[in-house]
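Student: Mind looking over this structure? Questions follow.
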Amino acid sequence: VRKDTRVAGGATNGLCSDTDGHLYWPIQRILYNEPSGDEVLLFARRIGTGGKKWQSVNHSLEPMRLRERFGPPPADGQPGIHESHEPDIFPPEGSPSHQPCFSSERLAEIMAKDAADYFDGKLEGKPYGPAPGLDAYPIVPNDAYGFCTCERCTSSYKAYAQPSTPGAFGSGDYSDNFFGFLNRVAKKLAQTHPDKHIATLAYEGYFWPPKNFK
């Protein structure tokens, strides 16, 4: 591998940055056993990096603008992108959480419909939604934890022992909650689009597998 060769889009594939071809997050270096820059680039070529548009999977809920679409109607009477008021899909009022409520059945229905609309081309031209042309519909929580504090959600959180490896900040505390939600969305999408898929990440509090199901 030539040292002056770079991987386009490297910063979005979890392997290297666009400009210097090395792993810069501690957890990346741990997972790949402290590889050199040349080893990272060689690995990227061996796995065919660049063949799929996975870069748009990262933290995909924010672009869906759920608060603007399903929060309280605008006070000024201007509808904007507001669709309906769905308080059940958000944490309790006054909660510091910045994630939606992943125990909400209504949220699963909304996300399954958004996914179906995406594959049917109905999100094109909307001021929200994933990038066009993806092979799978991305559903990934917002960054920086902040999971829902409602009773339904908190009863599903399963504390794991914190990993002792320095820099490995992920846990599985919220894995049952989030992946249970994801399974409900996928089952609903399969009813209308059995040939389509959901894409997600294993990250932060949902980095480890769920405890209570595969």
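Student: Of the conditions (1) surrounded by fewer than 18 Cβ atoms within 10 Å (Cβ to Cβ); (2) in contact with a Leu (Cβ under 9 Å, 6 or more places away or on another chain), residue 185 satisfies every one except a single condition; which number is it?
Tutor: Of (1) surrounded by fewer than 18 Cβ atoms within 10 Å (Cβ to Cβ); (2) in contact with a Leu (Cβ under 9 Å, 6 or more places away or on another chain), only one is false for residue 185: (1).
Student: All but one of (1) more than 27 Å from residue 25 (Cα to Cα); (2) surrounded by 16 or more Cβ atoms within 10 Å (Cβ to Cβ) hold for residue 214, so report the exception by its number.
Tutor: Here residue 214 meets the rest and fails (2).
Student: Given 158, 126, which one is open to solvent by 60 Å² or more (accessible area, probe 1.4 Å), in a loop (DSSP other than H, G, I, E, B) and closer than 22 Å to residue 83 by Cα?
Tutor: 126
Student: Here is a check on your reading of the model: is residue 66 within 24 Å of residue 186 (Cα to Cα) and touching a residue at least 24 places away in the same chain (Cβ under 8 Å)?
Tutor: Here the answer is yes, as residue 66 does meet what is asked.
Student: Answer yes or no as to whether residue 175 is among the hydroxyl-bearing types (Ser, Thr, Tyr) and buried (at least 16 other Cβ atoms within 10 Å of the Cβ).
Tutor: So residue 175 passes the test.
Student: Another question, if that's okay. So which residues in the range 83-105 are open to solvent by less than 80 Å² (accessible area, probe 1.4 Å) and in a helix (DSSP H, G or I), if there are any at all?
Tutor: 88, 89, 105
Student: When you look at residue 80, is it surrounded by 15 or more Cβ atoms within 10 Å (Cβ to Cβ) and either within 25 Å of residue 169 (Cα to Cα) or at pLDDT 80 or above (or both), yes or no?
Tutor: no
Student: Restricting to the range 54-72, count the residues that are more than 19 Å from residue 114 (Cβ to Cβ) and at pLDDT 90 or above.
Tutor: Going through the range 54-72 one residue at a time, the tally reaches 1.
Student: Separate question: Report yes if residue 29 is at pLDDT 75 or above and among the basic types (Lys, Arg), otherwise no.
Tutor: Considered against the rule, which asks whether it is at pLDDT 75 or above and among the basic types (Lys, Arg), residue 29 comes out as yes.
The values are calculated or read from the model by the stated rules, or taken from the named source; none is laboratory data. These numbers come from a predicted model, not from an experiment. Counting neighbours? That spans all protein chains shown, and the Cβs are built from the backbone with ideal geometry, glycine included. Note: areas computed on protein heavy atoms with side chains; ligands, DNA, RNA excluded. Shrake-Rupley method; radii C 1.70, N 1.55, O 1.52, S 1.80 Å.
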